[in-house]
Amino acid sequence: MGMDYSIEPKTEDEYAEYADFPEMLSYFFEQIGGYGDTSVVSQLEKILNIDLSIFQKTYHPEIGMDFEEFESEFLDEYKNTEFKPDDYWISIDILIGKLNEFKQKIDNNSQYFSEIIFSPNGETSKMLKMDILDMLRYQEENPLTIYPENNGIITDENLKSSISELIITLENLKKENIEEVRLHYV
């Protein structure tokens, strides 16, 4: 089972169901963790001149645990930080506004997808078989290998339809008088 985004509605009902986050869009936003500035998200932010960082404001309930119990090394930076779950609520109106802006920027720049840089197919699997020093040397000799491969999951039409799907989900939550949500990534 991979990691995916989900949407937690802010409600008094402690057993409220989470709303679905489009799978393709979840994959799109999670890439930033693996590729940083070379991720498709980061590249599109530059190409379209848009800030999508609101989708990186994800709530991880396990951060509130006793850190001695939680073994993940990436949490070292949070050890001296006070965890405030309420800081992760995001207004549905703000999310819908950002998604509409994203759609508009895509529509205004019809060539945006052709500007994304991808690693040549097969490079990632080739590098996974290398030890770390050989991989670093290989990446230095082949700079495109630091970019994600175009595995076909993120395409122009899939991205636009996933954005529209998420807008509909958020609008349906608004109809249920939900004003805020938290984005989970687990």
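The values are calculated or read from the model by the stated rules, or taken from the named source; none is laboratory data. Remember, predicted model here, so these are calculated numbers, not experimental data. Glycine gets a Cβ as well: all are built from the backbone with ideal geometry, and neighbour counts include every protein chain shown. The accessibility values were calculated without ligands, DNA or RNA, using every heavy atom of the protein model including side chains. Shrake-Rupley method; radii C 1.70, N 1.55, O 1.52, S 1.80 Å.
For GLU180, the residues whose modelled amide H falls within less than 5 Å of its own, excluding neighbours fewer than 5 places apart on the same chain, are LYS10, ILE92.
With a ≥ b ≥ c taken as the square roots of the eigenvalues of the C-alpha gyration tensor of region 146-186, please select rounded if a/c is under 1.5 and otherwise prolate if a/b is larger than b/c or oblate if it is not?
Numbers: a/c = 4.89, a/b = 1.97, b/c = 2.48.
Oblate, because a/c is 1.5 or more while a/b does not exceed b/c.
Probing with 1.4 Å while keeping every protein chain in the model, the per residue accessible area of region 78-150 equals 66 Å². Here region 124-186 is treated with +1 on each Lys and Arg Cβ and -1 on each Asp and Glu Cβ, and its dipole about the Cα centre works out to around 100 debye.
Peptide packing: for 105-115, 157-167, 172-182, the average count of neighbouring Cβ atoms within 10 Å per residue gives the ranking 157-167, 172-182, 105-115, highest mean first.
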